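Asker: Provided herewith is a single structure, encoded as structure tokens, for subsequent inquiry.
The values are calculated or read from the model by the stated rules, or taken from the named source; none is laboratory data. In this text, all values refer to a predicted model and were calculated from it rather than measured experimentally. Note that we place each Cβ from the backbone using ideal geometry, even for glycine, and neighbour counts take in every protein chain shown.
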Amino acid sequence: MKKIILPALFCSLVFFMISCNQKGSGETYTLKMKLAKGDKFTHEVDTKLDMSFDMMGQPMDMNMTMNGLLDFEVQGDSAGLKEVGMTYTQMKMGMKMKAMGIENITDSIMDKATGRIVGKTVTMQLNEKNEIVNTNSFETLADPEELDEATREQMNKMFSKEQLNSMLGMMFQMYPDKPVKIGDSWENETNTSMAGVAMKVKGKYTLTSVKDGVAFIAMEGKFSGKGNMEQGGVAMEMDMDGTQKGTVNIGLADGYLKDSDYKIEVKGAMNVMGQKMPLTMKGYYLMKGK
């Protein structure tokens, strides 16, 4: 009798454990940008960056803002790469600097620069990881003969694959490489830039819920970077570390952005002519998909 009871008890326990695991596993979801030929989607971007630093005992503040509408259209495939057109249908940038009680507003200069690109399209090629590996030259957006050397250099940087990856990397490359269920987390690493300094961002994403065809995702990350930049002919070394935290929500059917809201906080230092100056930055980012 014991020989019969023990195996039966063992089998019962096994089936009980399997049943419990199945109940706790939950439904899995594939989160991926569809990027099918002919697809169109829009990102509305609203950002604000506040920077404060101390220059030789004098406090300085810089505030930068950007509001824009970016229209995307998937144009097709070429040699295994997705071709996506990005059109600037609206773009407004502003910058204010305040030092020693004097405020300098450069909105008109920024408007002149961004006015050249509104209504123009940049074509990007994305690999299987949604990394931008190539873009068409900025000469397709503006006649280079109309630009002075400084503006031409700035536009070259603005539309380089590195800068576009920096601007779009988190939204394009945040997807997990396998199906996930509610409560699952995944990580990725992207490159970006801040104040002209190259940064590495290590992000962690967690699927918190799914409702009405929308996946709700919590995001947090850490980033760090070192680099050199030049302002007004003065060379500066920068060292920065920071964090970001917020949410991003995407459609299950196509993987395109619904909305995103996150903040960043940065602390670091600048070294100018042997003088070390502490700095802090806070950024606020709102994005909506249409």
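Asker: Of all the residues that make up the stretch 243-290, how many are β-branched (Val, Ile, Thr), buried (at least 18 other Cβ atoms within 10 Å of the Cβ) and under 24 Å from residue 177 (Cβ atoms)? Before the answer, list the steps.
Answerer: Looking only at the stretch 243-290, we keep the residues that are β-branched (Val, Ile, Thr), and these are 243, 247-248, 250, 264, 266, 272, 280.
Narrowing the set further to residues that are buried (at least 18 other Cβ atoms within 10 Å of the Cβ) leaves 248, 250, 264, 266.
Filter once more, keeping what is under 24 Å from residue 177 (Cβ atoms): 248, 250.
Number satisfying all stated conditions: 2.
Asker: While we're on this one: Residues being in a strand (DSSP E or B) and within 16 Å of the chain's Cα centre (by Cα): count how many of those fall in the stretch 169-185.
Answerer: Qualifying residue count for the region: 0.
Condition check ((1) buried (at least 18 other Cβ atoms within 10 Å of the Cβ); (2) in contact with a Pro (Cβ under 7 Å, 6 or more places away or on another chain)) across all residues:
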| position | (1), (2) |
| --- | --- |
| 29 | no, yes |
| 32 | no, no |
| 41 | yes, no |
| 44 | no, no |
| 51 | yes, no |
| 65 | no, no |
| 68 | yes, no |
| 71 | no, no |
| 75 | no, no |
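Asker: Consider residue 35 carefully, then state whether it is among the aliphatic types (A, V, I, L, M), modelled with pLDDT of 95 or more and closer than 30 Å to residue 211 by Cα.
Answerer: Details: among the aliphatic types (A, V, I, L, M): yes; modelled with pLDDT of 95 or more: no; closer than 30 Å to residue 211 by Cα: yes.
For residue 35, the condition - among the aliphatic types (A, V, I, L, M), modelled with pLDDT of 95 or more and closer than 30 Å to residue 211 by Cα - is not met.
Asker: Looking at (1) under 21 Å from residue 32 (Cβ atoms); (2) loosely packed, with under 15 Cβ neighbours inside 10 Å; (3) in contact with a strand residue (DSSP E or B) (Cβ under 8 Å, 6 or more places away or on another chain), which is the one condition that is false for residue 216?
Answerer: That leaves (2) as the condition not met.
Asker: Sticking with this structure for a sec: Quick check, is residue 258 of a type outside the set (A, V, I, L, M) and over 18 Å from residue 168 (Cα atoms)? I'd like the intermediate steps shown before the answer.
Answerer: On the way: of a type outside the set (A, V, I, L, M): yes; over 18 Å from residue 168 (Cα atoms): no.
Criteria not met by residue 258.
Asker: Restricting to the stretch 58-103, and then to whatever is in contact with a strand residue (DSSP E or B) (Cβ under 8 Å, 6 or more places away or on another chain), of a type in the set (Gly, Ala, Ser) and farther than 23 Å from residue 173 by Cα, can you tell me which residue is modelled with the highest pLDDT?
Answerer: Filtering the stretch 58-103 down to residues in contact with a strand residue (DSSP E or B) (Cβ under 8 Å, 6 or more places away or on another chain) leaves 58-78, 81-100, 103.
Now narrow it down to the ones that are of a type in the set (Gly, Ala, Ser): 68, 76, 78, 85, 94, 99.
Keeping just the survivors that are farther than 23 Å from residue 173 by Cα gives 94, 99.
Numbers: 94: 82, 99: 72.
Among residues in the stretch 58-103 that are in contact with a strand residue (DSSP E or B) (Cβ under 8 Å, 6 or more places away or on another chain), of a type in the set (Gly, Ala, Ser) and farther than 23 Å from residue 173 by Cα, the one modelled with the highest pLDDT is 94.
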